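Before any comments, here is the structure.
The values are calculated or read from the model by the stated rules, or taken from the named source; none is laboratory data. Here the structure is a predicted model, which means the values were calculated and not measured. So basically every Cβ, Gly included, is an ideal-geometry build from the backbone, and we count neighbours across all protein chains shown. When the accessible area is computed, the model is the full protein with side chains, heavy atoms only, and any ligands, DNA or RNA have been set aside. Shrake-Rupley method; radii C 1.70, N 1.55, O 1.52, S 1.80 Å.
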Number of protein chains: 2
Amino acid sequence: MKVFMLVLDGIADRPIKELGYKTPLEYASKKNIDELSKMGINGILDIISPGIRPGSDVAHLSILGYDPYKYYTGRGPLEALGVGLELGDEDIAFRTNFATVNNDWIVLDRRAGRIENGYIFDDVINSIGRIDDVKIIYKTSLSHRGVLILRGKNLGEKVSDTDPHKVGERVRECIPLVNDESSRKTARIINEFTKKVYELLNNHPENIKRENEGKPKANILLVRGAGKIKRVESFQSKYGIRGACIAKTAIIKGVGRLLGMHVEDSEEKYEDRINQALNLLNEYDFVLLNIKEGDEAGHDGDFMRKVRIIEEIDKALNPVFEFIEDNYFVLLADHTTPCSVRDHTGDEVPMLIVGPEVRKDDVEKFSERDCAKGYIGRIRALDLMNYLLNLINKLEKFGA
Amino acid sequence: MKVFMLVLDGIADRPIKELGYKTPLEYASKKNIDELSKMGINGILDIISPGIRPGSDVAHLSILGYDPYKYYTGRGPLEALGVGLELGDEDIAFRTNFATVNNDWIVLDRRAGRIENGYIFDDVINSIGRIDDVKIIYKTSLSHRGVLILRGKNLGEKVSDTDPHKVGERVRECIPLVNDESSRKTARIINEFTKKVYELLNNHPENIKRENEGKPKANILLVRGAGKIKRVESFQSKYGIRGACIAKTAIIKGVGRLLGMHVEDSEEKYEDRINQALNLLNEYDFVLLNIKEGDEAGHDGDFMRKVRIIEEIDKALNPVFEFIEDNYFVLLADHTTPCSVRDHTGDEVPMLIVGPEVRKDDVEKFSERDCAKGYIGRIRALDLMNYLLNLINKLEKFGA
């Protein structure tokens, strides 16, 4: 028996006035998903504990049974793993974004007009090579986003962001957050790096071209979320089963790589993604498929888009019904992203589990409120993997 | 957005035969409270963990997110803060009550006939001044109840009560509960103090007057609940919001003061208390209003009084409906005080949360059993503050 876990990122929401005080999950027409709820057991999940607002990285660690209070390392290292960079135990990783600054380094656009092709600057940034004895490794992940790795001796990760997180403010100096030599060294390298990047990019032909086209220059890199990797017990060693993770976003792929799972980029169309997961399940015991689009609609406050995304995903789920004849399917959100808040909140998320031997309950629809009436009640994400391993008889007995 | 938390002390109960196997909350006619349940989300709360019987002090610590297993210091220090005494880190605080003893120190009345004006003896008790190098500070809080502080060097708090907790038994000697010099010293001072109090009070003119009036003398002070204060992170620092606490009882005010909240005595009439809370909410982000009367009815086993109290409080809640258009209101009991038991029990308590964006459930009445069917299910009091901070968007995100 195998487990297909479908994580609809940020799909949970709060009742929306324009939808008649329904959530997108309640409003959407979703025959397949509701049928799966009807055939299965339902409940609500605290991703961390009641009320705590999780990032998607923290949420996925928790859902996969790794306590984020123990294992979370900041977003930098996960993003680095996510974009496929190798990360040494001593490396310091940062998330970065291209931004536009004026001559005084006042930030005019935190995303350099959401530049589509930031990767064209990868080589010029990597041409910096070293600063002192520290090797500079940079890679653009998607549009304006990227990852920076500092590789060298005695580097500390307790340093501040250079990203002021606000337009109209000056690029921040990177400062050590603890008083030790290694953090001072990291801060010094980052400040030197920022200067060099500006020198290389401000009059770079591609930026001159952007300027002529009326686009904001990508003339600086802002860094944030410094961290070192923490090695964790692999998914396979912890659970004795082979796991795979399919996602579009680097950060989720990073979580999968941290746990030593097989990681794949997801296909484009929803139905192709579902088939991709089902195909992988021929080879792996457990596949997590993350579908990010609902979360993005939530961040944009676009509840009708969220509704459409739910309805489109629903149509792609036909092949799941054959799968659950002999296996288990789990559907959940990794957190709530209310269209009203446009960010993650700590509200409970709905979950359904369906497969050969569940104690089927009375829930008829998959939604935040319907699932709350289900058989499972309220549990914590950290317990979910054990719950599933138990259903597929892959859990050791405790005691005799 | 702000939070108004109304704690109906000990209002939860067990089904009562005389009320047709209903609890007072189920039996009472309470239009407003039920309407709030209907508009909101409901659940049951474990104040500590299933079954654990909390005191009101422990319950309020837990409800405010401070683990009582870590932060509870015994009732003495909280009561001392509650009556407005300053408490040093080395002081030992006791709760006290005036009692009536005969010449052999057999307790005839543990409350000296619930003496109304115990404070008339404050000066004579404080005239003791010092015993050895230990300063004696005494204050009557309400009727027969008061607080004693020992201030000096090398005082330990691990000592027994002198209160035998039963009529007909002799006043107990205070003994050290651990074998160390500091606890022995405290015990010695308390025994000396008890003797001096008896000498000062037994033939005091006010007691002769009481005797002539046929009232039991207040001729001794029984002490219990020795403790030292433990400093905790303030409410404001922990949550980043400004909090206030309104109560009649010293112990609840003591909890508020321990957490550095703004603390006020509550008004007399229920509607004035509600308005007092709503007015404070102009200035504070969070106000806890404790209404004690239901608990007292429970301790007296007077279920009809409990019903009346619920109905009177209900009538005072009209102004809450305007408040919740833009803010959140929480109603809960801090513990169950069954009229049959006449003391706190560890039964779950009902809770409702209502405000602009809750995922409204099907519950139509606020009661122990109705709330158990609500959206929230069952959570622990220690998670409640995070739950509320999430709703008012005052919680930091964990991860990204």
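With respect to A:GLY88, is the statement that it is in a loop (DSSP other than H, G, I, E, B), surrounded by fewer than 24 Cβ atoms within 10 Å (Cβ to Cβ), more than 19 Å from the chain's Cα centre (by Cα) and within 14 Å of chain B (Cβ to nearest Cβ) true?
Here the answer is no, as A:GLY88 does not meet what is asked.
When residues of segment B:255-273 are filtered for being in contact (Cβ under 8 Å) with a residue 24 or more places away in the chain and either within 18 Å of B:ASP295 (Cα to Cα) or among the hydroxyl-bearing types (Ser, Thr, Tyr) (or both), how many remain?
So the answer is 5.
Hey, any hits in segment A:33-40 for a residue that's over 21 Å from A:ASP361 (Cβ atoms), in contact with a helix residue (DSSP H, G or I) (Cβ under 8 Å, 6 or more places away or on another chain) and not basic (Lys, Arg)?
Checking segment A:33-40: not a single residue is over 21 Å from A:ASP361 (Cβ atoms), in contact with a helix residue (DSSP H, G or I) (Cβ under 8 Å, 6 or more places away or on another chain) and not basic (Lys, Arg).
For A:ILE220, all conditions in the list (1) over 24 Å from A:PRO68 (Cα atoms); (2) out of contact with any Phe, Trp or Tyr (no Cβ under 6 Å at 6 or more places or on another chain); (3) hydrophobic (A, V, I, L, M, F, W, C) hold save one; what is the number of the exception?
All conditions pass for A:ILE220, except number (2).
Can you find even one residue in segment B:386-396 that is of a type in the set (Lys, Arg), open to solvent by 60 Å² or more (accessible area, probe 1.4 Å) and facing chain A (nearest Cβ under 8 Å)?
There is no residue in segment B:386-396 that is of a type in the set (Lys, Arg), open to solvent by 60 Å² or more (accessible area, probe 1.4 Å) and facing chain A (nearest Cβ under 8 Å).
Give the number of residues within segment A:320-339 that are surrounded by fewer than 24 Cβ atoms within 10 Å (Cβ to Cβ) and out of contact with any Gly (no Cβ under 7 Å at 6 or more places or on another chain).
7
Would you be able to tell me the number of residues in segment A:230-263 that are within 18 Å of the chain's Cα centre (by Cα), over 21 Å from A:VAL147 (Cα atoms) and among the hydroxyl-bearing types (Ser, Thr, Tyr)?
0
Please pick out the residue among A:ALA93, A:ALA112, A:ALA99 that is under 17 Å from the mean Cα position of the chain (by Cα), under 29 Å from A:HIS204 (Cα atoms) and among the small types (Gly, Ala, Ser).
It is A:ALA93.
Looking at this structure, is B:ALA297 of a type in the set (Gly, Ala, Ser) and either in contact with a Phe, Trp or Tyr (Cβ under 7 Å, 6 or more places away or on another chain) or at pLDDT below 95 (or both)?
In short, no.
Taking the residues in segment A:1-46 that are among the acidic types (Asp, Glu) and part of a loop (DSSP other than H, G, I, E, B) as candidates, determine which candidate is farthest from A:PRO68 (Cα to Cα).
Checked segment A:1-46; the qualifying residue farthest from A:PRO68 (Cα to Cα) is A:ASP13.
List pairs: first residue in segment A:41-52 and assigned by TED's automatic domain parsing to the domain that holds A:TYR375 and closer than 20 Å to B:MET385 by Cβ, second residue modelled with pLDDT under 95 and open to solvent by 10 Å² or more (accessible area, probe 1.4 Å) anywhere in the structure, Cβ distance under 7 angstrom, at least six positions apart or on different chains.
So the pair list comes out as A:ILE48/B:PHE398; A:GLY51/B:LEU395; A:ILE52/B:PHE398.
Out of the residues in segment A:47-71 meeting the condition of being part of a helix (DSSP H, G or I) and open to solvent by 10 Å² or more (accessible area, probe 1.4 Å), tell me which one is nearest to the other protein chains (Cβ to nearest Cβ).
Ranking the candidates gives A:TYR69 first.
Restricting to segment A:144-177, and then to whatever is over 28 Å from the mean Cα position of the chain (by Cα) and more than 18 Å from A:ALA218 (Cα to Cα), can you tell me which residue is least open to solvent (accessible area, probe 1.4 Å)?
A:ASN154
Any idea how many residues of segment B:340-361 are away from chain A (no Cβ under 14 Å), of a type outside the set (Ser, Thr, Tyr) and part of a loop (DSSP other than H, G, I, E, B)?
So the count comes out to 6.
Within segment B:190-199, identify whether any single residue is open to solvent by less than 60 Å² (accessible area, probe 1.4 Å) and either touching an Asp or Glu at 6+ places or on another chain (Cβ under 8 Å) or not assigned by TED's automatic domain parsing to the domain that holds B:ASP104 (or both), and answer yes or no.
Yes, segment B:190-199 contains at least one residue that is open to solvent by less than 60 Å² (accessible area, probe 1.4 Å) and either touching an Asp or Glu at 6+ places or on another chain (Cβ under 8 Å) or not assigned by TED's automatic domain parsing to the domain that holds B:ASP104 (or both).
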